[in-house]
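The values are calculated or read from the model by the stated rules, or taken from the named source; none is laboratory data. Values in this document were obtained by computation on a predicted structure and should not be read as measured data. We place every Cβ from the backbone using ideal geometry, glycine too, and count neighbours over all the protein chains shown. The area values use the complete protein model at the heavy-atom level, side chains included, leaving out ligands, DNA and RNA. Shrake-Rupley method; radii C 1.70, N 1.55, O 1.52, S 1.80 Å.
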Amino acid sequence: MVANTTRNTTQGMGTWINCRAVPKAFVRVMLLFVAVVGTLWPLAAVPSFWLTAPIREVSLQIMADDRFRPGVLGDMLIRLNANSRPAVVQPELQSALALVTLRTAEEALHRKNPDEGDRAMEASEGELRLALQVNPADSFLWLMLYSVVTRRSGFDFDIIGYLDRSYASGPNEGWVVLRRNRLALAIFSLLSKSRQQEVLAEFAALINNGFIEEAAINLTSVGWVERERLLESLKQLDVASREIFAKRLARDGVRVSIPGIEQDERYWR
């Protein structure tokens with residue numbers, strides 16, 4: 001009887017000890033896993049940071065539509081593509097690669113090299129789509145995708161969604177507005193009523209923020225059909241901004257009626 005009790009007690013203690021040992025072993029394995037990942041992560045991520053640094057400034061210049069010396073971006077793209085992509089790609093790096101590829105394609109088209117330009121445009125579309133997978137809220141990338149697809153395949157109602165995504169993710173971003181307003185005005189009548197209101201507000205914002213030249217070009221080119229609605233949207237602006245815009249248009253001999261501004265003959269002298 002005593003022997004049986006002792007045997008049962010011993011077996012129970014053994015089972016309890018084994019149960020305690022399993023979690024300890026599991027914790028050791030998990031700690032080892034975390035240590036390995038912690039060691040490998042910098043090795044995978046550092047190349048991405050290293051590649052991003054030199055093209056961060058270039059990416060900002062492209063967004064601002066700055067000009068580059070001929071061949072500068074092409075050489076940079078060759079160097080970037082010569083290196084294998086790091087295992088961990090920073091979103092900023094992917095975006096920069098997409099923008100450099102796109103500007104390189106545009107330069108090829110300006111050189112009147114259609115074959116090279118078409119190949120480069122196809123590559124830039126692929127890079128933009130990759131960049132949007134890691135930067136789905138980047139309004140400038142959505143705008144550039146809309147522009148590239150339109151240029152490559154022509155306009156299609158399905159791709160208006162790219163323009164919509166640009167507005168949804170960045171309605172008031174400065175560098176985006178400068179390009180987007182022109183593209184949106186080109187298809188103004190095809191946009192939804194709510195989107196049209198955003199485009200009109202965007203046009204007024206250009207003038208309010210001092211981008212008089214860009215607003216004048218938009219009005220007298222792609223926006224001319226909608227000039228009455230565009231000019232009506234300027235009611236919200238201060239008188240000084242409206243006068244400056246009226247004088248800028250008068251410089252090109254454009255006579256229009258701007259709310260609250262009398263047509264002073266001195267503007268056309």
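See the values below:
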quantity	calculated
Hits in the range 125-151 (condition: among the polar types (S, T, N, Q), open to solvent by less than 60 Å² (accessible area, probe 1.4 Å) and under 13 Å from the mean Cα position of the chain (by Cα))	ASN135, SER139, SER147
Qualifying residue in the range 178-193 (condition: closer than 25 Å to LYS247 by Cα and either part of a loop (DSSP other than H, G, I, E, B) or among the β-branched types (Val, Ile, Thr) (or both))	no
Some residue of the range 171-180 being within 18 Å of ALA205 (Cα to Cα), modelled with pLDDT under 95 and of a type in the set (Asp, Glu)	yes
Test result for LEU183, modelled with pLDDT of 95 or more, over 22 Å from PHE140 (Cα atoms) and not charged (D, E, K, R)	no
Residue that is farthest from PRO171 (Cα to Cα) [pool: residues in the range 185-199 that are of a type outside the set (Gly, Ala, Ser) and open to solvent by 50 Å² or more (accessible area, probe 1.4 Å)]	LEU190
Near pairs, Cβ below 7 angstrom, 6+ apart or cross-chain, from the range 125-139 (among the hydroxyl-bearing types (Ser, Thr, Tyr)) to any residue that is open to solvent by 30 Å² or more (accessible area, probe 1.4 Å)	SER139/SER169; SER139/GLU173
Considering residues of the range 152-177 that are touching a residue at least 24 places away in the same chain (Cβ under 8 Å) and not in a helix (DSSP H, G or I) only, the residue surrounded by the most Cβ atoms within 10 Å (Cβ to Cβ)	GLY170
Any chance GLU202 is modelled with pLDDT of 95 or more, outside any loop (DSSP other than H, G, I, E, B) and surrounded by fewer than 18 Cβ atoms within 10 Å (Cβ to Cβ)	no
GLY210, sole failed condition from (1) in a helix (DSSP H, G or I); (2) closer than 22 Å to ASP252 by Cβ	(1)
Yes/no for TRP268 being open to solvent by 40 Å² or more (accessible area, probe 1.4 Å) and either modelled with pLDDT under 95 or of a type in the set (D, E, K, R) (or both)	yes
